[in-house]
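Participant: Handing you a structure now.
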Amino acid sequence: MTPAQVLAQFLAGCCSAAFLVLVSLGVTLVFGIARVFNFAHGGMYVVGGYVTAFLTSKAEIGALPAVVAAMLAAGGVALIVYGLVFWKARPTTSGAGAIVGSYGALLLITELVRIVFGSVPLIARVPETLEGPLPVLGVSRMQACLLLIAGTCVAVTIWMINSTTLGRLIRAVSCDPWLASSCGVRRELVAVGVFVGGAGLASVAGAVSSGMSAISPSSGDDLIVGALAVALLGGRGNVLGACVVSFLLGQITAFGVVLAPRLASALPYAATVLIIAARPSGLLRAEATSGFERRT
Amino acid sequence: MVSSHRCRALCALTCCVLLFSCERRSTNSSTAMPAGKPYLIGALYPLSGRAALYGEDSKAAAQMACDEINASGGVDGRPLQILFRDDEANAEKARQQARQLVQQDRATFLMGVISSSAALAVTEVSKDTKTIFVGTDHASGRLTYEAFQPYYFRVSNNVYQSMAAQAYYASEQPWSRYYYIGPDYEYGHALWDEFRSKMNTLRTPVSSVGESWPKLFEPDYAAHIASIRGKNPDVLIVGLWGADLISFLRQGSQAGLFQNLPVVSCDAGGNYETFAALGEQMPLGLILSARHHNNWPETDRNRAFVDGFHKRTGRYPSYAAEGAYVGVQFIAEALRQQPDETQTDALVRVMSTIRIQCPEDPEGFVSYMDPSTHQLVQTQAIGRTVPNSKYPPATRMLGEWKVYDAERLIPSLEEVERRRNAKP
């Protein structure tokens, strides 16, 4: 490999990592606070992608209003899913019911999207300024936009968790939900907020992705397992951990494609198994100890 | 508590009503049938999940053929009736559904199947139960060569035929450095193997400078695009299909990959679905083909099929539709020559030598069944993407056609024998 090729693959790996981070950010937050794998996250991604793609390509609405509409739609769906699946199921069944319920919600959303939008894959129209490659580095403008959006989402999320009152409430509920509620924190409200916020992030991921990839009703199924793996491997609820894992997996994929083409699609799975074997609780420490499990 | 239960029940009820009403809409489309005991055809298509578009298009086109035949008096005064089942593009599900169709529903024919692995399962049921199985879209060469059994017939082009056409096209070009990108499962590997093998027989062997094997349903092609650019090939051969192909073409053109790089994809690359999804974002000058084209050949028969499908569904068909349409016509034609459907072996003999005029046949050519492989022998046209807004939402279609004669696209008898003997 020439130095130029190494740089090109490295940048491609960064772009793949940005995509993975954006998809897994919301699910990492929900995993941190609710302690369950939220499969319905894949459904929010699809809703975000479809609303954006439909509004920009069929209704010819601008990209920004379309993304806002996508976030509102995914937030609405998230509220319904939370009410149906998580409100009662989580505390009573230690998460098992919520996992099955959220997976059911994902399948239901997939089929409803198919009924509403049909099975033809859709792709969003992106603003003219984002078409074409950047003059240097072989990166497309959309990829640069993806890097920027993913970076912003990560920075805002970390800042919000570490430096705001809302973040303190989230951390309190995440650390010890019973202690937090005995101190007057309305933990169910915090959980709903994180769930809807997570859905917003999923819809942004879907929206950005729909400008680069075809979105079809089943798109969420393909991504959700990878996103959940990132959330787990990074250390439960650890946003920085999710970024590190995404970066590693992105680079493994990017260099695997060139160095071992026939093995490339298996390498990220191999890395996942190795990380779990070496550090069962994740690369970085979990965001909080498990309050639920200690008490029940 | 009570209100939350009510709310949940209401939501569930709404979903059920919605699903039920859609199901009703899609099944109540048949017209008045001629009297007489119907000929029963069991059709297996994915009607949910990822391949649902192909299944829905196939179902609509099969029902269209059935309605046309019944409207003109049926076959020998008896109507055709199709029982559609959702195989979810899953081999086990397809196997169960096929058995049920034959043993419980008493279907005389099986037809359809989009996924090659599901088709390999159904062909076993067909062999065990001695029921004729008419394949309408799956492309694996194994069904007509290695896993061949006498009750199987295929009415759409297979991978061997499309890759032979692609090899003839490529052998006429000044390309020497090839790069291949295809999905990492049997179909993707079969395309690349068949293409290279045909290029060898044409004495223009492929020099591969790189290969990329993204997993199926991959949304992100950044690493592959960087790798292709780094290897600087003369031509890029693409084996991706459906949403994967759409995503790859979109990201490739955003990265400026196709500016000086010819792209060739002649099995599924020219599917209308890709043109409809990408609209004016479809790059110009790509060299593509598919098992059927909405704008080639420009014959009355093809126009009638495409317009009839559009009138029925409100959209233009993907290539799977024409296979399903021909499948029903093929069964009807065999029944016209041998109306007793219980005489399976006589029907097999009729089907083995049948000639049938398909929408995809150019003027002066009639598709015919190859008796040694039970594969329909058909012409293939390869085109380049050009501006064309006659089939919205697509704004590009294929044009500047090169047509390859059907006889050039089938393997020799020795080749067929060699492959059958090489089976495990």
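Participant: Name the helices (runs of 4 or more DSSP H) wholly within segment A:192-284 that hold at least 2 residues that are open to solvent by less than 10 Å² (accessible area, probe 1.4 Å) and within 27 Å of residue A:44 (Cα to Cα)?
Facilitator: A:219-233, A:239-259
Participant: Condition first: small (Gly, Ala, Ser) and assigned to a loop (DSSP other than H, G, I, E, B). Now tell me which residues in segment B:365-398 satisfy that.
Facilitator: B:372, B:389, B:394
Participant: Another question, if that's okay. Just for segment B:34-52: of the residues that are among the hydrophobic types (A, V, I, L, M, F, W, C) and in contact (Cβ under 8 Å) with a residue 24 or more places away in the chain, which one is farthest from residue B:76 (Cα to Cα)?
Facilitator: Result: B:51.
Participant: Hey, another quick one. Looking for something more than 9 Å from every other protein chain (Cβ to nearest Cβ) and at pLDDT 90 or above - is there at least one such residue anywhere in segment A:85-103?
Facilitator: Looking through segment A:85-103, at least one residue is more than 9 Å from every other protein chain (Cβ to nearest Cβ) and at pLDDT 90 or above.
Participant: Kindly establish whether residue B:389 is more than 17 Å from residue B:322 (Cβ to Cβ) and of a type in the set (Ser, Thr, Tyr).
Facilitator: It is true that residue B:389 is more than 17 Å from residue B:322 (Cβ to Cβ) and of a type in the set (Ser, Thr, Tyr).
Participant: Take residue A:157 and decide whether it is under 17 Å from the mean Cα position of the chain (by Cα) and part of a helix (DSSP H, G or I).
Facilitator: Spelling it out, residue A:157 is indeed under 17 Å from the mean Cα position of the chain (by Cα) and part of a helix (DSSP H, G or I).
Participant: In segment A:4-55, which residue that is farther than 21 Å from residue A:109 by Cα, away from chain B (no Cβ under 11 Å) and not aliphatic (A, V, I, L, M) is least open to solvent (accessible area, probe 1.4 Å)?
Facilitator: That would be A:32.
Participant: Follow-up. Taking segment A:12-47 only, how many residues are within 12 Å of the chain's Cα centre (by Cα) and of a type in the set (Gly, Ala, Ser)?
Facilitator: 7
Participant: Quick check on my filter: what residues within segment A:120-135 are among the small types (Gly, Ala, Ser) and either assigned to a helix (DSSP H, G or I) or at the interface with chain B (Cβ under 7 Å from one of its Cβ atoms) (or both)?
Facilitator: Selection gives A:132 alone.
Participant: Further question on the same structure: Just to check your reading of the model, which residue among B:329, B:338 is open to solvent by less than 50 Å² (accessible area, probe 1.4 Å) and either under 25 Å from residue B:56 (Cα atoms) or among the aliphatic types (A, V, I, L, M) (or both)?
Facilitator: Matching residue, one of B:329, B:338: B:329.
Participant: Can you report the number of residues in segment B:221-235 which are open to solvent by 30 Å² or more (accessible area, probe 1.4 Å) and either touching a His at 6+ places or on another chain (Cβ under 6 Å) or within 14 Å of chain A (Cβ to nearest Cβ) (or both)?
Facilitator: 4
Participant: Under the condition of being open to solvent by 50 Å² or more (accessible area, probe 1.4 Å) and among the small types (Gly, Ala, Ser), which residue from segment B:37-81 is farthest from the other protein chains (Cβ to nearest Cβ)?
Facilitator: Here the residue is B:72.
Participant: Additional query: Residue B:196 fails exactly one of the following numbered conditions: (1) more than 18 Å from residue B:415 (Cα to Cα); (2) without any contact (Cβ under 8 Å) to a residue 24 or more places away in the chain. What is the number of that condition?
Facilitator: (1)
Participant: Sticking with this one: Which condition breaks for residue B:195 when tested against (1) farther than 15 Å from residue B:265 by Cα; (2) at pLDDT 95 or above; (3) open to solvent by less than 60 Å² (accessible area, probe 1.4 Å); (4) more than 14 Å from chain A (Cβ to nearest Cβ)?
Facilitator: (1)
Participant: From the set of residues in segment A:141-163 that are in contact (Cβ under 8 Å) with a residue 12 or more places away in the chain and of a type in the set (Gly, Ala, Ser), which is surrounded by the most Cβ atoms within 10 Å (Cβ to Cβ)?
Facilitator: The selected residue is A:150.
Results for (1) farther than 23 Å from residue A:256 by Cβ; (2) away from every other protein chain (no Cβ under 14 Å); (3) polar (S, T, N, Q); (4) buried (at least 20 other Cβ atoms within 10 Å of the Cβ), shown as yes or no for each residue.
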site	(1), (2), (3), (4)
B:210	no, no, no, yes
B:240	no, no, no, yes
B:274	yes, no, yes, yes
B:299	yes, yes, yes, no
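Participant: Among the listed residues A:108, A:166, which satisfies the condition of being surrounded by fewer than 19 Cβ atoms within 10 Å (Cβ to Cβ), modelled with pLDDT of 90 or more and in contact with a Gly (Cβ under 9 Å, 6 or more places away or on another chain)?
Facilitator: A:108
The values are calculated or read from the model by the stated rules, or taken from the named source; none is laboratory data. As the structure is a prediction and not an experimental result, all values here were calculated from the model. When we count neighbours, we look across all protein chains shown, and the Cβ atoms used for this are built from the backbone with ideal geometry, even at glycine. Ligands, DNA and RNA are stripped out before the accessible areas are found, and what is left, the full protein with its side chains, is counted by its heavy atoms. Shrake-Rupley method; radii C 1.70, N 1.55, O 1.52, S 1.80 Å.
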